[in-house]
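One structure is given here, and the rest of the page talks about it.
Values quoted throughout were computed directly from the atomic coordinates according to the rules given, and no laboratory measurement underlies them. What you are looking at is a predicted structure, and each value in this text was computed from that prediction instead of being measured. Note: ideal-geometry Cβ built from the backbone for every residue, glycine included; neighbour counts use all protein chains shown.
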Amino acid sequence: MGRKTIGLLAATTLTLAACGTGGGTLDPPDEPDSPVLRIQYEGGFVPVEWSLASGPSYQLLSDGRLIFAGVTTMQYPGPLVVPYQQVQLTEADMDRVLGLVDEIGLPDMVDERDDTQAQYIADASTYVITYWDDAGEHKYSIYGLGIESDSANEATALALDLDILMLELSSGEPETYVADEIKVFAGVSMAQPEPGFEDVRPWPLPDDPQDWSGFSGIDWKCNVYPGDRLDLFTEATQVTQWMAPSGDAGPYTLLVRQLLPGEEGCPVLGSP
């Protein structure tokens, strides 16, 4: 799935000139790889596979690198791994972002949520903004961002501006982002690929997925590997199946994505 941006819909009515004050007063952490801002979609009426394989839409690091999900095409089957790209922001651009973060009020939030849109639509996704500073993590979640309503929440309106700004800043000349680690989910394939799209390959990893950690309620296993293992999956697609190393189960479907700085690895056993 490609980048999900409400900004494309809102750009006709909101001007980018309104984004930020141009003089942000917030200071990012000193460590170059420290996350400052993360934007991602969570939940909604989507398959479990999509939720497990989807990462943040945008992540800003303290050294000014903006990492974002690459654009994918409508080609079927699509690539197994959604690429990430990065651009280097200027100090002025960082000020614009931090200025909006300040206007939204994230430094004063701990974990706040706007559920106004829940009365208009069910099963929408939640737009989650996370900001980090010396005081820790600050989160603002907005259910169904972009759905027309009578909400007068100023922070939510500013979140739309932030989404537009992220779209603008990521439209420069990006470079490929390569993560230090990847997260791999393995589940026994329950369906046969459509005729003409069969693609069964040998097991690509050194250990058996039956030895990986598990989850409560869903039939997926998870493990984390060094980032250079991503090369094993560059030619695979979403319908590629993998023969089980032990022969006792499978074939398997794999979900693979890069872990961005500050992201956790596999969920704890028994987590939803």
Problem - Estimated vicinal HN-Hα couplings, Hz - region 37-53 in sequence order (Karplus 6.51, -1.76, 1.60; Gly, Pro = x) - result: 9, 9, 10, 8, 9, 10, x, x, 7, 9, x, 4, 4, 5, 4, 5, 8
Completion exercise
Length-normalised contact order of region 16-116, Cα under 8 Å, at least 6 apart, in percent, tallies to 35 percent
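Pairs of alpha-carbon atoms within less than 8 angstrom and 6+ residues apart define the contacts here; what relative contact order does region 7-175 have, in percent? Show your work: numbers first, answer last.
Details: 299 pairs, mean separation 50.2, N = 169.
The normalised contact order for region 7-175 reaches 30 percent.
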Handout entry: Spin-label proximity, Ala157 to region 104-119 - amide N less than 15 Å from point 7 Å beyond Cα toward beta carbon
Key = 104-105
Completion exercise
Computed over the Cα atoms of region 179-259, the Rg and Dmax in Å are 12.4, 37
Handout entry: Estimated D of region 15-144 in µm² per second, where Rh is the Kirkwood radius over Cα pairs and Stokes-Einstein applies at 10 °C, 1.306 mPa s
Key = 98 µm²/s
Exercise for the section: Taking amide H positions as placed in the peptide plane 1.01 Å from N, state which residues far from Tyr252 in sequence (5 or more) or on other chains have amide H under 5 Å from it. Expected result: Ser189, Trp242, Met243, Ala244
Practice task
Estimate the FRET efficiency between Tyr76 and Asp33 by the formula 1/(1 + (r/R0)^6), using the beta-carbon distance for r and 25 Å for R0, to the nearest 0.05.
Solution key: 0.10
Handout entry: region 179-259, relative contact order in percent, only Cα pairs under 8 angstrom and at least six apart counted
Key = 51 percent
Problem - region 159-184 versus region 61-94: alpha-carbon centroid distance in Å - result: 4 Å
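Taking the Cβ of Thr90 as the centre, find all other residues whose Cβ is under 14 Å away and add up their charges (Lys, Arg: +1; Asp, Glu: -1). Walk me through the numbers before you get to the answer.
Details: positive: Arg65, Arg96; negative: Asp63, Glu91, Asp93, Asp95, Glu168, Glu173.
Local charge sum for Thr90: -4.
Using the per-residue mean of other Cβ atoms lying within 10 Å as a proxy for protection, in what order, highest first, do the peptides 29-36, 136-143 fall? Each step should come with its number before you reach the end.
Values: 29-36: 15.1, 136-143: 18.8.
Highest to lowest by the protection proxy: 136-143, 29-36.
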Handout entry: Phi-based couplings in Hz for region 157-167 (Karplus 6.51, -1.76, 1.60; Gly and Pro marked x)
Key = 4, 5, 5, 4, 4, 5, 5, 5, 5, 4, 5
